[in-house]
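Throughout, read-outs are computed from the coordinates displayed, never taken from laboratory work. Because the structure is predicted, anything quoted here is derived from the model rather than measured. Quick reminder, even Gly has a Cβ in these numbers, built from the backbone with ideal geometry, and neighbours come from all protein chains shown.
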Amino acid sequence: MIRALAFALALAATSVTAQQTVQSGPGAMLRGLDKVNGQTVDVELQTGETQAVFGLDVALGDCRYPVDNPTGDAFAFLTIWEQGKAEQLFDGWMIATSPALNALDHSRYDVWVIRCITPSAD
């Protein structure tokens, strides 16, 4: 319930309005952070793909962006779990411009959306 409310507030806070048209990109650029040693890694995921980011497995369900502004306000549906475990740590929409509104809650790792992959960004 709280995540759903946070997502609704995040959509209202971004420039994506009900009148703006959004489009799904073929993938997303994500950034991972190991909070213990400060190491970061950028990962490019295609829709439907799962990839390891440090000790986590990250699956991308969809990445959407406003048609009028392909480089801004991306939001991606991610499912994240620890490698070798079945329990999901995160399953929902994450917004590039406001990652803290619906963030992964993990003691060591952090993952957030940078942007969607778009035809103009390829």
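Dipole of region 24-122, Cα-centred, from +1 at each Lys and Arg C-beta and -1 at each Asp and Glu C-beta, to the nearest 20 debye? Please list the in-between numbers first.
Working: 6 positive and 14 negative charges, 33 e Å.
Here the size comes out at about 160 debye.
Multiply the residue separation of D34 and D62 by 0.36 nm, subtract the distance between their alpha-carbon atoms, and state the gained length in nm to one decimal. Write down the numbers at each step before the final one.
Working: separation 28, 0.36 × 28 = 10.08 nm, distance 2.42 nm.
That works out to 7.7 nm of additional length.
By how many nm would the segment from T79 to A52 lengthen if fully extended, with 0.36 nm per residue of separation less the alpha-carbon distance? Before the final figure, lay out each step's value.
Details: separation 27, 0.36 × 27 = 9.72 nm, distance 1.19 nm.
Separation in residues times 0.36 nm, less the Cα-Cα distance, equals 8.5 nm.
Please give the peptides 84-92, 45-53, 65-73 ranked by average Cβ packing (other Cβ atoms within 10 Å per residue), highest first, as a rough proxy for protection.
Details: 84-92: 12.0, 45-53: 15.1, 65-73: 16.7.
In decreasing order of mean packing, 84-92, 45-53, 65-73 become 65-73, 45-53, 84-92.
What share of all Cα pairs of region 27-122, in percent, falls into each consecutive 10 Å distance bin?
17, 53, 26, 4, 0
Give me the one-decimal nm value for the distance between modelled label points at D105 and T21, 7 Å along each residue's Cα-to-Cβ direction.
Those two pseudo-labels are separated by 3.9 nm.
Could you list which residues have their amide H under 5 Å from that of G25, counting only those 5 or more apart in sequence or on another chain, with H placed in the peptide plane?
C63, R64, Y65
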